[in-house]
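Some notes on the structure that comes next.
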Amino acid sequence: MPLFPVLDKKDTRSGFGAGLLELGKTNPNVVALCADLTGSLKMDAFAKEFPDRFIQVGIAEANMMGIAAGLTIGGKIPFTGTFANFSTGRVYDQIRQSIAYSGKNVKICASHAGLTLGEDGATHQILEDLGLMKMLPGMVVINPCDYNQTKAATIAIADYDGPVYLRFGRPVVPNFIPADQKFEIGKALTLCEGKDVSIFATGHLVWQALIAQEVLKEKGIDAEIINIHTIKPFDLEAVIASVKKTGCAVSAEEHQYNGGLGDSVAQALTRNYPAPLEYVGVNDSFGESGTPEQLMIKYGLSSNNIVDAALKVIARKKA
């Protein structure tokens, strides 16, 4: 088993709901908006506790972003909630023009991202959202790995002044980050140190990387696992320091190769410390209907794929 014991198993969207409720109790400026998916986003507890600070916009995501931008002018801290596909692709123009361009203090909170949305299929399984959002100037992009980290991230972004994209998911996954672990925006979290290969993982792939670390250990390979929970701002210092020690890297994400974590790692290495890199992600493809487990295996996002990528990149390092 991985070095980090499983505390329990929970969906990361519930971590968002718990964090939002806690914020409601401690920060009177926090308001929440939802596009007809209150239960799915686990925003119902906040809506019940603070009905005067909750706006049900209905199926009008673009309007929700405009309302959120306006609320910031009065000093409010709006948290918008809908599926990741609707939080980004459907409303990209409104986010770019009304939120990012003027640096509005809006927290764009997006559930049901990636292949682990499962049976809902390719139309809803957005795999381009991290790339879309990190390209917007001034946008912070966060992709936590479990319930505890999602809750901590939700609370942390309320103190950050500026636009934030927070990504999380629907499936029940291992919860292993300690509940008291401080969440620092832009600071990677080293989960275990190693000397042979650096594995940079984000979101649901962090747990798969920890499983891969144990398999690699049995093969005599010492892997360093780093949780890149913040895609932007990118922790360049942590990435370069790790690769200087190991000489090669693997990136692992539930996202397209193009535009995601892997591209950020590649840019960092190209500009600062050239070294072999292998990607674990979705290779220029849409998803399909299936269980989360089936899709993660079919599209190459399992711990086995991380092990294979690590072996391949180590071989490249030695060539």
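Read the figures in this text as sums done on the coordinates, not as results from a lab. What you are looking at is a predicted structure, and each value in this text was computed from that prediction instead of being measured. When we count neighbours, we look across all protein chains shown, and the Cβ atoms used for this are built from the backbone with ideal geometry, even at glycine.
Worth a mention:
- Fully extending the segment from Lys48 to Asn258, taken as 0.36 nm per residue of separation minus the present Cα-Cα distance, adds 71.6 nm.
- Nonlocal amide H pairs with Gly186, under 5 Å, H built at 1.01 Å: Thr230
- The lysines whose alpha-carbon is closer than 28 Å to the alpha-carbon of Lys134, local same-chain residues fewer than 8 away aside, are Lys10, Lys42, Lys76, Lys104, Lys107, Lys151, Lys182, Lys187, Lys232, Lys244, Lys245, Lys298.
- For the chain, averaging the sequence separation of C-alpha pairs within contact (under 8 Å, six or more residues apart) and dividing by the residue count gives a relative contact order of 19 percent.
- Estimated FRET transfer efficiency (Leu236, Gln56; beta-carbon r; R0 45 Å; 0.05): 0.65
- Phi angles of the range 219-228 translate, via the Karplus equation with coefficients 6.51, -1.76, 1.60 and θ = phi - 60°, into HN-Hα couplings of 8, x, 10, 9, 9, 9, 10, 10, 8, 8 Hz per residue; Gly and Pro are given as x.
- The separation of the range 264-291 from the range 183-210, counted between C-alpha centres, amounts to 15 Å.
- Taking other residues whose beta carbon is less than 12 angstrom from the beta carbon of Asp161, and scoring Lys, Arg as +1 and Asp, Glu as -1, yields +1.
- Helical contribution to [θ] at 222 nm, DSSP H n ≥ 4, -39,500 (n - 2.57), averaged over the chain, rounded to 500: -10500 deg cm²/dmol
- Note on the chain: with a GNM built from Cα contacts shorter than 10 Å, the maximum mean-square fluctuation among Asn85, Asn283, Asn258 falls on Asn283.
- Cα→Cβ-extended label distance, 7 Å offset, between Gln181 and Tyr273, nm: 2.2
- FRET efficiency, Tyr160 to Ala122 (Cβ-Cβ, R0 35 Å, nearest 0.05): 0.60
- Inter-label distance, nm, simple model (7 Å from Cα along the C-beta direction), Glu193/Ala315: 3.0
- Shape parameters for the chain, alpha-carbon atoms, Rg then Dmax in Å: 18.8, 63
- Cα-centre dipole for the range 8-175 with unit charges at Cβ (Lys and Arg positive, Asp and Glu negative), debye to 20: 220
- For the range 189-318, the percent of C-alpha pairs falling in each 5 Å distance bin, counted from 0 to the bin holding the largest distance, reads 2, 12, 24, 26, 20, 11, 4, 1, 0.
- Extension gain for the segment Glu293 to Lys244, taken as residue separation times 0.36 nm less the Cα-Cα distance, is 14.2 nm to one decimal.
- Phi to ³J(HN,Hα) by Karplus 6.51 cos²θ - 1.76 cosθ + 1.60 over the range 285-301, Hz, x for Gly, Pro: 9, 7, x, 6, 6, x, 6, x, 5, 4, 6, 5, 6, 4, 9, x, 10
- Label separation (Val6 vs Lys217): 1.7 nm, computed from points 7 Å beyond Cα along the C-beta direction.
- Given R0 = 30 Å, the distance between the Cβ atoms of Asn63 and Val172 translates into a calculated FRET efficiency of 0.40.
- Radius of gyration and maximum dimension Dmax of the range 40-92, Cα, Å: 11.3, 31
- Per the Debye formula on identical point scatterers at the alpha carbon atoms of the range 8-175, with no solvent, log10 I(q)/I(0) at q = 0.13, 0.19 Å⁻¹ is -0.52, -1.22.
- Between amide H atoms placed 1.01 Å from N, distances below 5 Å from Asp11 occur with Val173, all of them 5 or more places distant or on a separate chain.
- ³J(HN,Hα), Karplus 6.51/-1.76/1.60, whole Hz, each residue of the range 197-208, x for Gly, Pro: 7, 9, 10, 9, 10, 9, x, 4, 6, 5, 5, 4
- Of Ser289, Ser302, Ser87, the residue with the greatest mean-square motion in the GNM of the chain, using alpha carbon springs below 10 Å, is Ser289.
- Among residues other than Gly138 with Cβ under 13 Å from its Cβ, the summed charge is +3 (Lys and Arg +1, Asp and Glu -1).
- Each other residue within a Cβ distance under 15 Å of Ile73 adds +1 if Lys or Arg and -1 if Asp or Glu, for a net charge of +1.
- Sorting 167-173, 102-108, 293-299 by their mean Cβ neighbour count within 10 Å, with the most densely packed peptide first, gives 167-173, 102-108, 293-299.
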